[in-house]
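I have placed the structure first, in the form of structure tokens, so that the comments after it can refer back to it.
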């Protein structure tokens, strides 16, 4: 029985295609790894690369991507709307088939140690792999961004890295962890008023008393207001439920829904009870469904 792990790596580069191509090439160049897709956004100045394979191969590919990103991306010059602390910003491992969460935790911790030692990057373990309670939530680590983190590390204030030097260089830090399947789902409003997206995001995110398992931020990207969400448990709050609540709240501002998009891939079950058409997903296709690739790899 094949063991399959997914990695959804986030890099702080979404404008210079040749650098993104180098990162993707480094990842795909590792034997036993399949890159399922990647996407870049210039406004967020961020790219997300999704790849799967056997645990050791995926960890090796993640290291290869981190190494290229750290060498190519200067966080002192990086500007973008999305929260970030480093060139290889977030590296999560997700158990997909015949792999336990505990095994992904071990994978994250061993990669963190390697990145900290070999690349001399401060590494923060998060999610199920966290060693410090205050680092469990990704948002807590990234709250002050690259600039704020540099100050907190120097003064000894949390968050502090688990591996690597206690200082931030030009490549920043890296957050490495293990988590369950997460759905990255963005809804674009039919308005250019980013403040409406921010207000809606505040209303729906769990931390503000909104919907369970929803993390959300509001942005102005691609010429539209965007409600950017991470659904940490689609079984608790589905894509359909989140979309409908955004539609209701937007209507209160006299605004409709323009479209939506998926970042990365989703399990087939995430669309149960609804459809891509109902959710106005503009980039939907078979390549967005995880099982499309897992079924090929029985």
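Remarks
- Some residue of region 173-186 being assigned by TED's automatic domain parsing to the domain that holds residue 144, assigned to a strand (DSSP E or B) and on the phi > 0 side of the Ramachandran plot: no
- Test for residue 86: is it buried (at least 19 other Cβ atoms within 10 Å of the Cβ) and more than 17 Å from the chain's Cα centre (by Cα): no
- For region 52-72, the criterion of being part of a strand (DSSP E or B) and over 29 Å from residue 194 (Cα atoms) is met by at least one residue.
- Residues (under 17 Å from the mean Cα position of the chain (by Cα) and part of a strand (DSSP E or B)) located in region 1-28: 5, 6, 7, 8, 9, 10, 11
- Of all residues assigned to region 111-133, at least one qualifies as being surrounded by fewer than 16 Cβ atoms within 10 Å (Cβ to Cβ) and either in the same structural domain as residue 225 (by TED's automatic domain parsing) or touching a strand residue (DSSP E or B) at 6+ places or on another chain (Cβ under 6 Å) (or both).
- Applying a threshold of 7 Å to beta carbon distances and a minimum spacing of six or more residues, or different chains, the list of pairs starting in region 122-133 at a residue that is free of Cβ contacts under 8 Å to residues at least 40 places away in the same chain and ending at one that is buried (at least 18 other Cβ atoms within 10 Å of the Cβ) and not in a loop (DSSP other than H, G, I, E, B) reads 131/125.
- A single entry from 273, 218, 256 fulfils the requirement of being modelled with pLDDT under 95 and over 14 Å from residue 183 (Cα atoms): 273.
- Candidates 148, 169, filtered to the one that is closer than 18 Å to residue 87 by Cα, out of contact with any strand residue (DSSP E or B) (no Cβ under 8 Å at 6 or more places or on another chain) and part of a loop (DSSP other than H, G, I, E, B): 169
- Output for region 30-46, where each listed residue is assigned to a loop (DSSP other than H, G, I, E, B) and out of contact with any strand residue (DSSP E or B) (no Cβ under 6 Å at 6 or more places or on another chain): 30, 31, 42, 44, 45
- Whether a residue is surrounded by fewer than 21 Cβ atoms within 10 Å (Cβ to Cβ) and in contact (Cβ under 8 Å) with a residue 24 or more places away in the chain was assessed, and residue 227 does not pass this test.
- Only listed residue being free of Cβ contacts under 8 Å to residues at least 40 places away in the same chain and buried (at least 17 other Cβ atoms within 10 Å of the Cβ), chosen from 264, 240: 240
The values are calculated or read from the model by the stated rules, or taken from the named source; none is laboratory data. Note that the coordinates shown come from a computational prediction; the quantities given were computed from them, not determined experimentally. Don't worry about glycine lacking a Cβ; one is built from the backbone with ideal geometry, like all the others, and counts go over all protein chains shown.
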